[in-house]
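Written below as structure tokens is the structure these notes are about.
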Amino acid sequence: MEEQLYYKDALKLAQKDYRACVSKGVSPCLPVLDDFVSTSNTAAFNDLGIIQIPADQIVGTKTRGRMNAFSTNFMPILDENTEFAEKWKRLCKAHLTEGIRDPIKAYEYMNRYYVEEGNKRVSVLKFFDALSIPGHVIRILPDGDSDEVELYNEFVEFNKYSKINFIEFSKKGSYADLQKALGKEAGEAWTDDEQSEFTGTYYYFKKAYLASGGDKLQSTVGDAMLSYIQIYGYPELSMTDTADIKKNLSKMWEEVALQEDEEPIELKSEPPEEIKQGVISRVLSATSTKLMRVAFIHDGSPEKSGWVHDHEKGRNYIQRVFDDKIETVPYTNAMDDDPQAVIEKAIEEGAKIVFTTSPRLTQASLRAAVDHPDIIIMNCSLNKSHRYIRSYYTRMYEAKFILGALAGSLSESGKLGYVCDYPIYGQIAGINAFALGAQMANPRAKVYLEWSSICGAKEAAKKLIEKDIHYISSQDTARFREDDRDSFGLSYINGDHTELLANPVWKWGVYYEEILRRVFNKTMQAEYENSNKALNYYWGMSAGVVDVGYSLTLSPASKRFADFLKESITHNVCTPFLTPIYTQNGDVIGQGEKSLSLEQIINMDYLAENVVGSIPQYEELSPMGKATVDTAGVESAQNTSQNTDEQNSESEAENQSDNQAESQNQAEAGDCE
């Protein structure tokens, strides 16, 4: 009988699994839910009804009754002459002739399923490699607030609107990232067709991924699939066959492998030291006799954007410095069409180094880097965990700390204003640095916060002025329209009188010069080869890429004060973020007089205690603000805003014409820290 042979095969699989478990010193029996989770608290139960349970996520039994009848792979371990074996064979025959249709009963805990009724059905269907098994499921919600529970809670939320229960991630935020990558709004429900298409695409990808060696990685199939989508896009994945998926995976394998690293980003706070020659490099070997073409890909144009204008000043600077060694070529308004095509054009025209100057160009940059491993591609952004592109940004919070200290020392009332563009990585640090600098100079200082990505920079400044605030920190780059002149640097505003006092300076030319010198001597290439992480360059005053400029009207005493702080920060004598730091909601960050790490500074999603305002909700932002937050936003800006007792912020209707002009002027990397 056919089912007799199948049972023998299943028994062999069980015995093999049993021996492997014993040799490893682990239990060879199925785990029992009742042994580690109490099911007496029915308030923690959710009845999910009948759903399709991913077969490989069924891992144990509800009670101890059948734990010794199966190995850990759910194959039968009892002798083939037992009554149990006969029942298994009858189920096997039923499956082969008419199919097993009756749903099992199971409990789900932390996205793993434990069978209460139907263990033998599960065993038979697993033996025949069923992808899913119908079952009536009760979900048990876990207690606690560990990282594991937080990640599970993100899954539960994702499952509510997607009805997808088989994809798993190892890092928090990935479910929201997947939703965005599929072009859907946060919390937007999936249609039946979308669920069906995604299910097929997932298992199609899983087959190619495992065939490529994915089973040897600790990261999940979901981690790899999300990386793939972020590079190639979901539509392309859904239409790609197994052979092409495997080919693409081989090109991006370092990106896939990076996902299993708990700390995938390596921050570089200073220019890398020169490394001895002779290092084998995959990248270009520069010579003094041949021009190296360097491309700059901008999101906007220098005529309309202060951000792009500053980067163009940096490009012109390095053209003068290196003269006959390089040829620099700008490409503007890349987001007006297809940014990937613009990068491809630059490479086709001979660019060996490509700088993309906006975080919104990250995905296009990554795709180009995977397709062209011989080209150095660097993206101006922060906190990007991508292996094939390197990101670069400035520690502008150091300048903001000095501006805050200046404002605090000058204001008699202690009421200061701050206009910020987008709640993205690095920007929250700028707000807090300004507030802490002000508090250092004046312990009673309060910083009132407004957001240009909600109502426009001009309207944001107007709100502050109406609160009788005269010292306001706004955009970090100069504008080109007359009505924007009051939206630049730290200004004193009193009635119709606006006086610029000091402003942060982005020294992009110095930044690009340092990078290119290290490309010429192969230091950058060697640094890449000697690391297995995503390299993020986050340089500041000590590298000469951040400064503070003063107006002629600023008093000599204030200049000396600011210069003292600059010198102290440059030589690491003064740190803007000295712990403990007290937040709006009463939390205390750090203890003792220690500086926060760069990782802690970058990932700030809280505001200092003397800030009056909040991180805006995603729904409040302008279209450009939402697009920017989608790319580089802090988590709190993508979900709910922080509330303060001192301000109940109301979202106003957007002035579309003002916002359109501001969006052109405010580059995606944020003209305001």
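Calculated FRET efficiency, GLN600 to GLU529, Cβ-Cβ distance, R0 = 25 Å: about 0.30 to the nearest 0.05. By definition, a body whose alpha carbon gyration tensor gives a ≥ b ≥ c is oblate when a/c is 1.5 or more and a/b is not larger than b/c, and region 56-102 fits this oblate description.
Taken per residue, the accessible surface of region 402-546 reaches 30 Å², heavy atoms only and a 1.4 Å probe. Summing Cβ point charges (Lys, Arg +1; Asp, Glu -1) relative to the Cα centre of region 481-597 gives a dipole of roughly 500 debye. Put simply, the amide H of ILE377, placed in the peptide plane, has neighbours under 5 Å in VAL354, ARG390, leaving out anything fewer than 5 places away on its chain.
Rounded to whole Å, the principal axis extents of the Cα atoms in region 117-229 read 40, 36, 31, largest first. Rounded is the label for region 322-384. Its Cα gyration tensor axes, ordered a ≥ b ≥ c, give a/c under 1.5. Can you tell which of VAL37, MET75, THR220 lies farthest toward the positive end of the dipole of the chain, using +1 and -1 charges on the Cβ of basic and acidic side chains (Lys, Arg; Asp, Glu)? Going by the Cα projections, it comes out as MET75. Modelled spin-label separation between ARG517 and THR579, with each label point placed 7 Å from Cα along the Cα-to-Cβ direction: 3.5 nm.
When DSSP beta bridges are restricted to pairs lying wholly in region 83-188, around 45% turn out antiparallel.
Can you pull the one-decimal nm distance between simple spin-label points at GLU188 and VAL588, each 7 Å off the Cα toward Cβ? Computed distance between label sites GLU188 and VAL588 equals 4.5 nm. If you take the charge dipole of the chain about its Cα centre, with +1 on Lys and Arg Cβ and -1 on Asp and Glu Cβ, which of ILE454, TYR202, HIS309 is farthest toward its positive end? Going by the Cα projections, it comes out as TYR202. Round to the nearest 0.05 the FRET efficiency obtained for ARG320 and LYS16 when R0 = 60 Å and r is the Cβ-Cβ distance. The formula returns an efficiency of 0.30 here. Of the GluC sites (Glu not before Pro) in region 407-466, the ones in a loop by DSSP (not H, G, I, E or B) with at most 12 other beta carbons within 10 Å are GLU412. Please identify every one of the trypsin sites (Lys or Arg not before Pro) in region 63-121 that sits in a loop by DSSP and has no more than 15 other beta carbons within 10 Å of its own beta carbon. Sites meeting the loop and neighbour criteria: ARG64, ARG101.
Put a plus charge on the Cβ of each Lys and Arg, a minus charge on the Cβ of each Asp and Glu, and nothing anywhere else: the dipole of region 32-105 about its Cα centre is then about 120 debye. Accessible surface computed residue by residue for region 159-243, with neighbouring protein chains in place and a 1.4 Å probe, gives 45 Å² per residue. Sparsely packed loop sites in region 538-625 (the trypsin sites (Lys or Arg not before Pro) outside DSSP H, G, I, E and B with at most 14 other Cβ atoms within 10 Å) comprise LYS594. For a straight C-alpha distance cut-off of 18 angstrom, the lysines reachable from LYS89 (same-chain residues fewer than eight places away being disregarded) are LYS8, LYS12, LYS120, LYS126. What you get for the chain, charging only the Cβ of Lys and Arg (+1) and of Asp and Glu (-1), is a dipole of about 1980 debye around the Cα centre. Per residue, the accessible area of region 45-153 comes to 48 Å² when a 1.4 Å probe rolls over the protein heavy atoms. Between ARG101 and MET67, the contour length at 0.36 nm per residue exceeds the Cα-Cα span by 9.9 nm.
What a 1.4 Å probe finds exposed on the chain is 47% carbon and sulfur by accessible area, rounded to a whole percent. In terms of its alpha-carbon gyration tensor, region 500-620 comes out oblate; a/c meets the 1.5 threshold, while b/c is at least as large as a/b.
The values are calculated or read from the model by the stated rules, or taken from the named source; none is laboratory data. Predicted model, so just to flag it, every value in this text is computed and none were measured. Note that we place each Cβ from the backbone using ideal geometry, even for glycine, and neighbour counts take in every protein chain shown. We work out accessible area using only protein heavy atoms, side chains counted, and drop any ligands, DNA or RNA first. Shrake-Rupley method; radii C 1.70, N 1.55, O 1.52, S 1.80 Å.
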